[in-house]
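**Student:** The structure that follows is given in the form of structure tokens.
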Amino acid sequence: MTLLSPVWTALLYLASAVCFILALKGLNSPRTARQGNLVGAFGAVIAVVAVFLSVHLENIPWIVGAIAVGSAVAAPVARRVKMTQMPQLVALFNGVGGGAAALVALLELTHSEDGWVRVAVVFTLLVGAVSFAGSAITFAKLQELMTTRPVVFPGLPIVMTLVLLAAVGTGAGVVLSGSQALAVGLMLLGLVAGVLLVLPVGGADVPIVISLLNAFTGLAVAASGLVLGNVLLVVAGTLVGASGTILTRAMAAAMGRSVAGILFGAFKGGSTAGSTAVSERPVRSSSAEDVAVLLGYAQRVIIVPGYGLAVAQGQHTAAELAEALEERGVDVDFAIHPVAGRMPGHMNVLLAEANVPYESLKEMGEINSEFKTADVALVVGANDVVNPAAKTTAGSPIYGMPILEVSQARQVVFLKRSMRPGFAGIENDLMYEPQTTLLFGDAKDSLTKVLGAVKGL
């Protein structure tokens, strides 16, 4: 016997679905993102409570124990993870969601004789396994547990095609026979396909693949809702799948790439792979005091933050520097590339954490026309998103990617740890131009020195 009637269950599911929709709406802006997260979490709590009160559950102690163990592991990890490692955490969440959906479908196969339900099982097994394995590879690439460059080998397209054909054949066998052994084989083929899908992706394209795999996980969850006969899972999974797809397309457009080109470009040498060699051409370097003079006596400064700023945890110092310059009458803005950091919104959240006013954060489309009015463009830990090769070098791995037009500023200052190439693995010729000055060192340390020198002017 259950405690909730079907009517009340439906109402709670509806309330939960509305919370998920409002959460997505809230995540559209840094101003409302925190509130959106809380609304989404509240919707998830409603969903869990509704299931406990409306479904006749067996093995409740095991279920509660699993929730307790998962919470005990996840909560400390989520609280301690650095902002620079947020993309890796998202990749893990994607993978766990897809893997969980696949396992649920595998277990439910033994309870189903309906052919259409078996089709949903096959879809969930394959897509969930692809998401799990692919997310594991993206995590390894972002965490630099393996090379971030594309990994290809002769015959990879043929192997990938054979794996997919084998998956289709095995899936058909599962639908016709309901065989648990074939289902396990299908899941293993999905794992192999997930690995092969992500290995050829390199450099700055990895965050886009995370978004795509997020969409895969959503679709797998929606299909598992069909398997379980749970409407809320269908709704929630569809929301994740749709939003992930939209985000993937938006990110690909921001990079000037097609999704197909990102996934399969390495097969023809077009993916984000570059040389890791460091040029020995001379550059113009400077001291923190000289950079402070440039900034302190400028009328307009545009700060371009990148992943190096996030790694150094220098966002608070950057905010202090902007405030000190504004006190001297300098007009200061922050130029945000759509994929600054390693995922959309990464840099916005980082700077919001440092209390940089939202009106000072300018998106690429808004700020690009203003670089020509800037006395100084201060590039802190960014590289690929300001590299002119994206516009001028047809053979470049990032050719076609929209960039921030820092080269139009009167003076360009790069704060860099070394002359190593950016995440895409290619050099930035802008660093060798006569209007460019480099200040070497850790981004936070360099900003601190520049800030002290500005205050001493």
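The values are calculated or read from the model by the stated rules, or taken from the named source; none is laboratory data. Remember, it's a predicted structure, so these values are computed and weren't measured experimentally. Glycine gets a Cβ as well: all are built from the backbone with ideal geometry, and neighbour counts include every protein chain shown.
**Student:** Can you tell me which of (1) touching a residue at least 40 places away in the same chain (Cβ under 8 Å); (2) in contact with a Leu (Cβ under 7 Å, 6 or more places away or on another chain) is the one G115 doesn't meet?
**Tutor:** So G115 meets the others, but not (2).
**Student:** Another one. Among the residues of segment 134-148, is there at least one that is surrounded by fewer than 24 Cβ atoms within 10 Å (Cβ to Cβ), modelled with pLDDT of 90 or more, in the same structural domain as Q180 (by TED's automatic domain parsing) and within 12 Å of F216 (Cα to Cα)?
**Tutor:** No, the conditions are met nowhere in segment 134-148.
**Student:** Can you name every residue in segment 408-451 that is surrounded by fewer than 21 Cβ atoms within 10 Å (Cβ to Cβ), without any contact (Cβ under 8 Å) to a residue 40 or more places away in the chain and within 20 Å of V332 (Cα to Cα)?
**Tutor:** Q408, R410, Q435, listed by residue number.
**Student:** Identify the residue in segment 428-457 that is in contact with a Ser or Thr (Cβ under 7 Å, 6 or more places away or on another chain) and in a helix (DSSP H, G or I) and, among all such residues, is nearest to L321 (Cα to Cα).
**Tutor:** L451
**Student:** Let me ask something else. Cβ-Cβ under 6 Å, sequence separation 6+ or interchain: first residue in segment 150-175 and closer than 22 Å to T138 by Cα, partner outside any helix (DSSP H, G or I). Which pairs?
**Tutor:** Within 6 Å, the pairs are P150/P200; P150/G202; P150/S271; P150/A273; V151/L199; V152/P200.
**Student:** Could you tell me which numbered condition W116 fails, if it satisfies all but one of (1) surrounded by fewer than 12 Cβ atoms within 10 Å (Cβ to Cβ); (2) within 21 Å of the chain's Cα centre (by Cα)?
**Tutor:** Answer for W116: the failing condition is (2).
**Student:** A further question on this structure: Please specify each residue of segment 8-38 satisfying the condition of being at pLDDT 90 or above, of a type in the set (V, I, T) and under 25 Å from P338 (Cβ atoms).
**Tutor:** I21
**Student:** If you don't mind, another one. So, S29, is that one of a type outside the set (D, E, K, R), closer than 27 Å to S243 by Cβ, free of Cβ contacts under 8 Å to residues at least 40 places away in the same chain and outside any helix (DSSP H, G or I) or not? I'd like the intermediate steps shown before the answer.
**Tutor:** Numbers: of a type outside the set (D, E, K, R): yes; closer than 27 Å to S243 by Cβ: yes; free of Cβ contacts under 8 Å to residues at least 40 places away in the same chain: yes; outside any helix (DSSP H, G or I): yes.
It is true that S29 is of a type outside the set (D, E, K, R), closer than 27 Å to S243 by Cβ, free of Cβ contacts under 8 Å to residues at least 40 places away in the same chain and outside any helix (DSSP H, G or I).
**Student:** Inspect segment 391-398 for any residue being closer than 19 Å to A310 by Cα, buried (at least 16 other Cβ atoms within 10 Å of the Cβ) and touching a helix residue (DSSP H, G or I) at 6+ places or on another chain (Cβ under 7 Å) and give the result as yes or no. Working first, answer last.
**Tutor:** Here is the first cut: in segment 391-398, the ones closer than 19 Å to A310 by Cα are none.
No.
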